[in-house]
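Engineer: Quick one: this structure, given as structure tokens, is what I'll be asking you about.
Please treat every number below as a calculation from the coordinates, not as lab data. Treat the numbers as computed from the prediction; the structure is a model and nothing was measured. Please note: Cβ atoms are built from the backbone with ideal geometry, for glycine as well, and neighbour counts cover all protein chains shown.
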2 protein chains.
Amino acid sequence: MADTDDVFTEALQLTGTDSPHRVTGHTHPAWANMVGPFGGITAAVLLRAIEQHPDRLGDPLALTVNYLAPIADGPYQLSLNPVRTNRTNQHWIVELSQDGEPKTTATAIFGSHRDTWGDTEAGPPPAPAPETVQPRGTGFPTWLSRYDMRMVAGELPEVEGQQAASSTSTLWVRDAAGRALDYAGLAALSDIFYPRIYLRTGRLIPAGTITLTTYFHAGGAELAAVGGDFLLATAAARRFSRGFFDQTATLWSRDGVLLATSDQLVYFKG
Amino acid sequence: MADTDDVFTEALQLTGTDSPHRVTGHTHPAWANMVGPFGGITAAVLLRAIEQHPDRLGDPLALTVNYLAPIADGPYQLSLNPVRTNRTNQHWIVELSQDGEPKTTATAIFGSHRDTWGDTEAGPPPAPAPETVQPRGTGFPTWLSRYDMRMVAGELPEVEGQQAASSTSTLWVRDAAGRALDYAGLAALSDIFYPRIYLRTGRLIPAGTITLTTYFHAGGAELAAVGGDFLLATAAARRFSRGFFDQTATLWSRDGVLLATSDQLVYFKG
């Protein structure tokens, strides 16, 4: 473990107000991205805010985060709206703002799980054991150092203009401080991938996620079984067009449990 | 053309109020599903409401629709909130309610397109020409008759308990009245598939979409080129667990343009 400080949990610290529907938080320097914080930590903060709400029902099922504008270093305010609570599920709208200016919105669905027929139809990508793969170098942006990342396929191009035929990247990833996986951790990991456009064009074109949707397939026991171990994460784009591309991702436990599926739409400069 | 009435456009009729942020609509009997209207027509209505808003910027990029509760036959109210307008994109929150009770929420991102590098990395599924495939029988629920559907793979099980190894369905589909494709039409088509659980279990288990996210990859000229022609639509689930499954879908023009990618999370009774 390179780091024993649980800066993930620190970044998710929220302070209550006189209303359960309003809490405040603060950006954490350990999670800085090129502009504002890593999108994954923002997703995790929004999810955690709901998890801590006194009226919360069940576990996260789905989370859509819309990135409206960069979050400035400093405090932020969250407003939580439990729009509807049904017998087995609950729908939320959350907004993150700074000085009254909306920066991020999200909708989330929480709910109760039941024992039902189940099957995982997709399969994980091929990958050697994480222990046999070199850790990715850390550095800039800052948040990359928060994870122990072992690239299996689709590494960042090493030479400017080196174009890959496929936009697929696959990596083993775990919290660098050994923090055990939970839903907030999984929400953050669903945004772990660098922009697919880098891979296809071989250029570090300015790009940013504009919306991210994650479905949480894992039950609490499946998350607990992962603990601080590596996940296998894979992502690919299906179409790049007119300044945008999609990214579809799956996140797997080492023993092949599909923990989450996640999609995002990404803006890029042409 | 089986039908010359454009009941799609009829279902999207909205009436203004004294505020541009509030409009009213009414369910259309032609789009009735088993309980409430077809989820796709609801998605289309929410998108159309934004398209008609005087402050709307650009074209739809992404739409997430959350189905909170069944919509009753009758009138409904839409509240439209343009949360943030940037230089090239705009973020919306929309809520559909009946008698003050929230039934559907959505977030949408609209934006301007630019000429950029582009590529479609995914490919359409194999399919014979739609003219060589038998139209699907129509009937119950009512909205199925609104589409000319030609199943290529993954048809509804014909025998109770007949389990398919794959949850993939592929079909050609077009508006039965010959209506030309637009973004609202594409939003509706992203919900064209019957629940994947039917295919895997061979049983018509009660199931319903709880959240649907669609990314619109097509530009206006690509949509116009489709006109009233068939789209090729394919969908599959990746995991069924604890009362929920995901569905990931792609929608293609006849000549292989990836028009939209779409994901949803579906509730099912165990």
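Engineer: Over the whole of A:209-215, what's the average partner chain Cβ count within 10 Å per residue? Rounded to a whole number, please.
Structural biologist: Rounded to a whole number, the mean comes out at 6.
Engineer: Out of every Cα-Cα pair in chain A, what percent are more than 24 Å apart?
Structural biologist: 48
Engineer: If we count every other residue with Cβ under 12 angstrom of B:Ile205's Cβ, Lys/Arg +1 and Asp/Glu -1, where does the sum land?
Structural biologist: Working: positive: B:Arg196, B:Arg200, B:Arg203, B:Lys269; negative: B:Glu160.
Cβ neighbours under 12 Å give a net charge of +3.
Engineer: Further question on the same structure: Pop a pseudo-label 7 angstrom from the Cα along the beta-carbon direction at both A:Val35 and A:Leu156 and give the gap in nm to one decimal.
Structural biologist: Label-label distance for A:Val35 and A:Leu156, simple model: 1.9 nm.
Engineer: With runs of 4+ DSSP H residues as the only contributors, calculate the mean residue ellipticity of chain A at 222 nm using -39,500 (n - 2.57) per run, divided by the residue total and rounded to the nearest 500.
Structural biologist: Working: 5 runs with 38 residues, N = 270.
That comes out to -3500 deg cm²/dmol.
Engineer: Please arrange A:Thr107, A:Thr9 by counting, for each residue, the other beta carbons lying within 10 Å of its beta carbon, fewest first.
Structural biologist: The fewest-first ordering by Cβ neighbours comes to A:Thr9, A:Thr107.
Engineer: Another question, then. What does the charge add up to near A:Glu95, with Lys and Arg as +1, Asp and Glu as -1, over the other residues with Cβ less than 11 Å from its Cβ?
Structural biologist: Computed value for this residue: +2.
Engineer: Continuing with this model, one more query. Just to confirm a number: summing +1 for Lys and Arg and -1 for Asp and Glu over residues other than B:Tyr267 whose beta-carbon lies under 11 angstrom from that of B:Tyr267, what do you get?
Structural biologist: +3
Engineer: Related question: May I ask you to order B:252-265, A:59-72, A:155-168 by the average number of other C-beta atoms within 10 Å around their residues, highest value first?
Structural biologist: In decreasing order of mean packing, B:252-265, A:59-72, A:155-168 become A:59-72, B:252-265, A:155-168.
Engineer: Give me the angle, in degrees from 0 to 90, between the Cα long axis of helix B:39-51 and the longest principal axis of the Cα atoms of chain B, rounded to the nearest 10.
Structural biologist: 30
Engineer: List the relative contact order of chain B as a percent without decimals, with contacts defined as Cα pairs under 8 Å and 6+ residues apart.
Structural biologist: On the way: 603 pairs, mean separation 48.3, N = 270.
Relative CO of chain B lands at 18 percent.
Engineer: Which whole-number percent is the relative contact order of the stretch B:1-69 (Cα, under 8 Å, 6+ apart)?
Structural biologist: The normalised contact order for the stretch B:1-69 reaches 24 percent.
Engineer: Kindly write out, for the stretch B:194-204 in residue order, the coupling ³J(HN,Hα) from the Karplus curve 6.51 cos²θ - 1.76 cosθ + 1.60 (θ = phi - 60°), rounded to whole Hz, with x marking Gly and Pro.
Structural biologist: Going residue by residue, I get 6, x, 4, 5, 4, 6, 6, 9, x, 10, 7 Hz, with x marking Gly and Pro.
Engineer: Take A:Ser19 and B:Ser166, extend 7 Å from each Cα along the Cα→Cβ direction, and tell me the distance between the two endpoints in nm.
Structural biologist: Going by the 7 Å Cα→Cβ label model, 5.1 nm.
Engineer: Which ³J(HN,Hα) values in Hz, rounded to whole numbers, follow from the phi angles of the stretch B:169-184 under the Karplus curve 6.51 cos²θ - 1.76 cosθ + 1.60, where θ = phi - 60° and Gly and Pro get x?
Structural biologist: 10, 10, 8, 8, 8, 9, 4, 5, 8, x, 5, 6, 5, 9, 4, 5
Engineer: Bin width 20 Å, origin at 0, all Cα-Cα pairs of the protein assembly as shown: what percent of pairs per bin?
Structural biologist: With 20 Å bins starting at 0, P(r) equals 22, 59, 18, 0.
Engineer: Next question, about the same structure. In sequence order, what are the phi-derived ³J(HN,Hα) couplings for the stretch A:52-62 according to the Karplus relation 6.51 cos²θ - 1.76 cosθ + 1.60 with θ = phi - 60°, rounded to whole Hz, with x for glycine and proline?
Structural biologist: Here the 3J(HN,Hα) series is 8, 5, x, 8, 4, 10, x, 10, x, 10, 8 Hz.
Engineer: Could you name the lysines in cross-link range of B:Lys103, using Cα to Cα under 23 Å and dropping any fewer than eight places away on the same chain?
Structural biologist: Within the straight-line limit of under 23 Å, B:Lys103 reaches these lysines: B:Lys269.
Engineer: For B:Asp5 paired with B:Thr116, estimate the spin-label separation in nm (one decimal), with each label point 7 Å from Cα along the Cα-to-Cβ line.
Structural biologist: A separation of 4.3 nm, rounded to one decimal place.
Engineer: Is the shape of the stretch A:77-160 best called rounded, prolate or oblate, per the rule: a/c under 1.5 gives rounded, else a/b larger than b/c gives prolate, else oblate, with a ≥ b ≥ c the square roots of the Cα gyration tensor eigenvalues?
Structural biologist: oblate
Engineer: Continuing with the same structure: Given Cβ point charges of +1 (Lys, Arg) and -1 (Asp, Glu) and nothing else, what value in debye, to the nearest 20, does the dipole of the stretch B:221-270 about its Cα centre take?
Structural biologist: The dipole of the stretch B:221-270 has a size of about 420 debye.
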